[in-house]
Amino acid sequence: MGVRITSWNVNGIRNPFGYQPWREKRTFEAMFDILEADIVVMQETKIQRKDLQDDMVLVPGWDVYFSLPKHKKGYAGVAIYTRNSVCMPIRAEEGIIGVLCPPNSSTKFRDLSPDQQIGGYPRPGQLAGLADEVALDSEGRCVILEFPAFVLIGTYSPANSDGTRDDFRLGFLDALDVRIRNLIAMGKRVVLTGDLNVIRSSLDTSNLIERLRKEGMTIEDFFSAPSRRLFNQLVFEGHVRGLRDENREEAVLWDLGRLFHPTREGMFTCWDTKKNTRPANVGSRIDYVLCSNDMKAWFEDANIQEGLMGSDHCPVYATLKDIVNIDGKEVHIRDIMNPPGVFKDGVRLRDWTTKDLLPLSAKLIPEFDRRRSIKDMFFKKPVAPKSTLPPVSESSGNPSQEPAKIEPSANEEPASTPASQPESVTSAPSPAKPRAGGLKRTPSGVTSANRPQKKTKATLTKEPSSKGQSSLMGFFKPKTTASPSTTPEMKEDPKSIGGLDGISDVEASIESSITDEAKDTSEPVSPGRVFDPIESKESWSKLLGKRVMPRCEHGEDCISLVTKKPGVNRGRSFFICPRPIGPSGEKEKGTQWRCGTFIWSSDWNGSQAG
């Protein structure tokens, strides 16, 4: 079986889990299995170092390499996941220029010894100097892995948004072009994949001629823009107007999507979510998997997966053959996707171990290094004297043996229990420790005699109280005038009161937002006041009645949106047709696509329930 490389701009590393089929299991391991991928290159992870969590890093059977923005928050970001049973890189770097340093080192990647560096770094005079080199590598836009077979570059190229970063964008593409050409000149094979934010040809975007006519621009002028011209000089069969630029006389990469589907129309990978253009397939192809000429014949398939939801982009992939030809000799692809001695003739000789981790691996980040289990990140197991607490055996150990003391590793900070985690789920209560003023901390659930106990959800719902309404249940339950000492405990099922299904969930959310201080200062209710649950239900029904929406020309309920464009109408809500924009990209009349219905919410007088 071959090796599949998948690239996906996920628009937030957790974003896909809100969609099918990813939300069934919500794990990266399950996601990669559905993708049937062995290498997954993600762009726009939009996370910071502090946002990394167990399920992102400690994926069973996978290793991961991140490039995260150094300054901007929730911005850009690239991650490459590799399946340990299939491939193991021999070197890993962050950034395209080589000016960053490996973890725990002050030496730049490009200044490492030749046996430690990937190579191909831009030499003085090769770059146009349009952007600062350190800035180019500081936005989390590139991860480079080297396998014995080839060098894999996973990248997220800057977009052409408002024109203010044109120099930065062109500087990044220039550095990418130079690095690829230098690697190939060294005799190394190269695979480039990611969101390049460049349209190659008119076949790769919808309604181009119509859009250009409105802008008064020709197709030749459009594809002669610096970024598109540079990219088309990099790829074979790219259209270049006039003479090629100096040092770019030859193309070096094949666009695998077009290699396998040279004339396919509508092969788009990105759509405008604000206009909901995906159903009508009004989009562009800006995500690619490309390879150098000497490995063109190694691939057996390449395609897009436009049916997989979860982002404004869809995954794209290319699959390497199981057996490839190198200098007239047939070689198993897994033999050259791993360090020597791991595979031979396609048969695994040894398993992956932690000794195979590269310095850039996220598993070596102090928060995750040498972790014994995922629980260690969330639970701090207290060490108590043997005379007071019985030994607790670990699930993976021998019950007959005394459990070892769990100590954080030298480069790992001690884990602590989050504030939101109930104390009752810890393995054992913490021993009492003296506090200031002679007070003692008591274990969860034990009431101290010298201070009042904080009320929990259980005490609020089960214990009668003479104080005011402290939960949503108090609105529906009739108050009794009996004293707390003689009132029987309320054990009614909330779902049976007035037929309000799910009221317990609402109650829980309301109670969680009420502070202890607010509970203690509430005023007592008059003993003679009684709430009628039927009357209360009718009041809530009127308050939460279904909103009446205007109908569009199709006779369908409109959707409500809010104006975000700067101006006098910013923040105003309005109603429009719920259908997606059609292939024309405009509102249409008398068609199946979005009609011209537009109503300001303030002008709609039918919003009250009848």
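The values are calculated or read from the model by the stated rules, or taken from the named source; none is laboratory data. This one's a predicted model, so the numbers in the text were calculated from it and none came from an experiment. Ideal geometry is used to build each Cβ from the backbone, glycine not excepted, and the neighbour counts take in all protein chains shown. Only protein heavy atoms, including side chains, enter the accessible area calculation; ligands, DNA and RNA are left aside. Shrake-Rupley method; radii C 1.70, N 1.55, O 1.52, S 1.80 Å.
Restricting Ile96, Ile153, Ile80 to residues that are at pLDDT 95 or above, within 30 Å of Gly2 (Cα to Cα) and in a loop (DSSP other than H, G, I, E, B) narrows the list to Ile96. Output the residues belonging to the stretch 128-144 that are aliphatic (A, V, I, L, M), out of contact with any Ser or Thr (no Cβ under 7 Å at 6 or more places or on another chain) and closer than 20 Å to Gln116 by Cβ. Hit for the stretch 128-144 is Ile144, nothing else. The residues on offer are Gly95, Gly74, Gly18, and the sole one that is surrounded by fewer than 19 Cβ atoms within 10 Å (Cβ to Cβ), touching a residue at least 12 places away in the same chain (Cβ under 8 Å) and either within 13 Å of Gly140 (Cβ to Cβ) or aromatic (Phe, Trp, Tyr) (or both) is Gly74.
When the criteria are applied in full, Ala297 fails the requirement of being at negative phi and part of a strand (DSSP E or B).
Assess whether Ser105 counts as being open to solvent by 20 Å² or more (accessible area, probe 1.4 Å), part of a loop (DSSP other than H, G, I, E, B) and closer than 18 Å to Leu68 by Cβ. Yes; evaluated as a whole, the condition is true for this residue. Filter the stretch 232-255 down to the residues that are under 15 Å from Leu203 (Cβ atoms) and touching a strand residue (DSSP E or B) at 6+ places or on another chain (Cβ under 6 Å) and list them by number. Those that are under 15 Å from Leu203 (Cβ atoms) and touching a strand residue (DSSP E or B) at 6+ places or on another chain (Cβ under 6 Å): Val235, Asp255. For the stretch 154-167, filtered to residues that are in contact with a helix residue (DSSP H, G or I) (Cβ under 7 Å, 6 or more places away or on another chain) and open to solvent by less than 50 Å² (accessible area, probe 1.4 Å), the residue that is farthest from Phe299 (Cα to Cα) is Pro158.
Let's see how each residue does on (1) charged (D, E, K, R); (2) more than 22 Å from Arg49 (Cβ to Cβ):
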| residue | (1), (2) |
| --- | --- |
| Cys101 | no, no |
| Leu127 | no, yes |
| Asp137 | yes, no |
| Val143 | no, no |
| Val151 | no, yes |
| Ser161 | no, yes |
| Gly171 | no, yes |
| Asp177 | yes, yes |
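Given the criteria in contact with a Ser or Thr (Cβ under 7 Å, 6 or more places away or on another chain), basic (Lys, Arg) and open to solvent by less than 60 Å² (accessible area, probe 1.4 Å), does Arg83 qualify? Taking the combined requirement at face value, the residue does not satisfy it.
Is the stretch 565-572 home to any residue that is at pLDDT 85 or above and either surrounded by 13 or more Cβ atoms within 10 Å (Cβ to Cβ) or among the basic types (Lys, Arg) (or both)? Walk me through how you get there before you give the answer.
Here is the first cut: in the stretch 565-572, the ones at pLDDT 85 or above are none.
No, the stretch 565-572 contains no residue that is at pLDDT 85 or above and either surrounded by 13 or more Cβ atoms within 10 Å (Cβ to Cβ) or among the basic types (Lys, Arg) (or both).
Residues in the stretch 235-282 that are β-branched (Val, Ile, Thr), free of Cβ contacts under 8 Å to residues at least 60 places away in the same chain and open to solvent by 80 Å² or more (accessible area, probe 1.4 Å): 1 in all.
For the stretch 5-24, a residue qualifies if it is charged (D, E, K, R) and touching a helix residue (DSSP H, G or I) at 6+ places or on another chain (Cβ under 8 Å), and the qualifying residues are Arg23, Glu24.
Conditions tested, residue by residue: (1) under 31 Å from the mean Cα position of the chain (by Cα); (2) part of a loop (DSSP other than H, G, I, E, B); (3) in contact (Cβ under 8 Å) with a residue 40 or more places away in the chain.
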site: Asp167; (1), (2), (3): yes, no, no
site: Leu173; (1), (2), (3): yes, no, yes
site: Leu176; (1), (2), (3): yes, no, yes
site: Asn182; (1), (2), (3): no, no, yes
site: Gly187; (1), (2), (3): no, yes, no
site: Asn197; (1), (2), (3): yes, yes, yes
site: Glu220; (1), (2), (3): no, no, no
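Going through (1) in a strand (DSSP E or B); (2) modelled with pLDDT under 95 one by one, Arg23 falls short only on (1).
Considering Thr273, Thr263, the condition of being touching an Asp or Glu at 6+ places or on another chain (Cβ under 6 Å) and either assigned to a loop (DSSP other than H, G, I, E, B) or charged (D, E, K, R) (or both) is satisfied by Thr273 alone. Residues considered: Ala30, Ala37. Of these, the only one that is of a type in the set (Gly, Ala, Ser) and under 20 Å from Thr155 (Cα atoms) is Ala37.
If you check Ile90 against the conditions, is it touching a helix residue (DSSP H, G or I) at 6+ places or on another chain (Cβ under 7 Å) and open to solvent by less than 60 Å² (accessible area, probe 1.4 Å)? For Ile90, the condition - touching a helix residue (DSSP H, G or I) at 6+ places or on another chain (Cβ under 7 Å) and open to solvent by less than 60 Å² (accessible area, probe 1.4 Å) - is not met.
Every listed requirement among (1) buried (at least 18 other Cβ atoms within 10 Å of the Cβ); (2) under 22 Å from the mean Cα position of the chain (by Cα); (3) not charged (D, E, K, R) is met by Leu100 save one, (2). Within the stretch 1-26, being more than 12 Å from the chain's Cα centre (by Cα), among the charged types (D, E, K, R) and more than 23 Å from Tyr288 (Cα to Cα) holds for Arg23, Glu24, Lys25. Met31 meets all of the listed conditions (1) free of Cβ contacts under 8 Å to residues at least 24 places away in the same chain; (2) open to solvent by 60 Å² or more (accessible area, probe 1.4 Å) but one, namely (2). Condition check: under 31 Å from the mean Cα position of the chain (by Cα) and under 30 Å from Glu250 (Cβ atoms). Does Asp301 satisfy that? Yes, satisfied.
Would you mind stating whether Val316 is out of contact with any helix residue (DSSP H, G or I) (no Cβ under 6 Å at 6 or more places or on another chain), of a type outside the set (Asp, Glu) and surrounded by fewer than 22 Cβ atoms within 10 Å (Cβ to Cβ)? Judged against the criteria, Val316 is not a match. Name the single residue, out of those in the stretch 116-136 being among the aliphatic types (A, V, I, L, M) and not in a loop (DSSP other than H, G, I, E, B), that is least open to solvent (accessible area, probe 1.4 Å). So, considering only residues that are among the aliphatic types (A, V, I, L, M) and not in a loop (DSSP other than H, G, I, E, B), the one least open to solvent (accessible area, probe 1.4 Å) is Leu136.
For Asp55, the criteria (1) in contact with a Phe, Trp or Tyr (Cβ under 7 Å, 6 or more places away or on another chain); (2) open to solvent by 10 Å² or more (accessible area, probe 1.4 Å); (3) outside any helix (DSSP H, G or I); (4) in contact (Cβ under 8 Å) with a residue 24 or more places away in the chain hold in every case but one, which is (3). So, in the stretch 320-347, how many residues would count as being farther than 27 Å from Gln117 by Cα and not in a loop (DSSP other than H, G, I, E, B)? The number of residues fulfilling the criteria is 4.
Within the stretch 330-357, being surrounded by fewer than 16 Cβ atoms within 10 Å (Cβ to Cβ), in contact with a helix residue (DSSP H, G or I) (Cβ under 8 Å, 6 or more places away or on another chain) and of a type outside the set (D, E, K, R) holds for Pro339, Gly346, Thr354.
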